[in-house]
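Peer 1: Before anything else, here's the structure in question.
What follows draws every value from the coordinates through simple rules; no lab data is involved. Predicted, not measured: the structure shown is a model, and the values here were computed from it. Note that each Cβ is placed from the backbone with ideal geometry, even for glycine, and that neighbours are counted across all protein chains shown.
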């Protein structure tokens, strides 16, 4: 349901315009393939939070098979990747996983995602390029 309702960015130009044109809100872009299970699960959560974060964030979807322009630049090799931009600047978030550039796993908790988006937005408004996630995900994957 989420991948049907949320706006899709169909070309590299559309992705660039979405990032560059938004002046006051955080731009959240989910890169991945719409048909993959992880993307569908993440899209559902994004759809559920979209209305609650609409005042400070806008959410887009981008199928990185249809738009391969950013795969190498942003290292989009995972099934689902969420990236954040504010005033044409890539926002980084320290999740405790070692990869501060993107969120590359499925979040199932709506409130967790809202907290992350809000934290990144508040840091961006203060001029920070790197913010610390409200939750440490370093122990998420135990081997």
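Peer 1: Using only the Cα atoms of the stretch 51-110, build the gyration tensor, take square roots of its eigenvalues as a ≥ b ≥ c, and label the shape rounded, prolate or oblate: rounded if a/c is under 1.5, else prolate if a/b is larger than b/c, else oblate.
Peer 2: Rounded is the answer for the stretch 51-110, as its axis ratio a/c remains below 1.5.
Peer 1: In square nanometres, what is one fourth of the surface area of the convex hull spanned by the alpha carbons of the chain?
Peer 2: Result: 8.0 nm².
Peer 1: Specify whether the C-alpha gyration tensor of the stretch 93-142 places it in the rounded, prolate or oblate class, a ≥ b ≥ c being the square roots of the eigenvalues: rounded for a/c under 1.5, otherwise prolate if a/b is larger than b/c and oblate if not.
Peer 2: It comes out oblate by the Cα gyration axes.
Peer 1: Given only helices, namely DSSP H runs of n ≥ 4 each adding -39500 (n - 2.57), what is the per-residue ellipticity at 222 nm of the chain, to the nearest 500 deg cm²/dmol?
Peer 2: The per-residue figure over the chain is -9500 deg cm²/dmol.
Peer 1: Now for a different question. Which percent, to the nearest 5, of DSSP beta bridges fully inside the chain are antiparallel?
Peer 2: 50 percent
Peer 1: What distance in nm lies between label points placed 7 Å from Cα along the C-beta direction at residue 51 and residue 10?
Peer 2: Computed distance between label sites residue 51 and residue 10 equals 2.7 nm.
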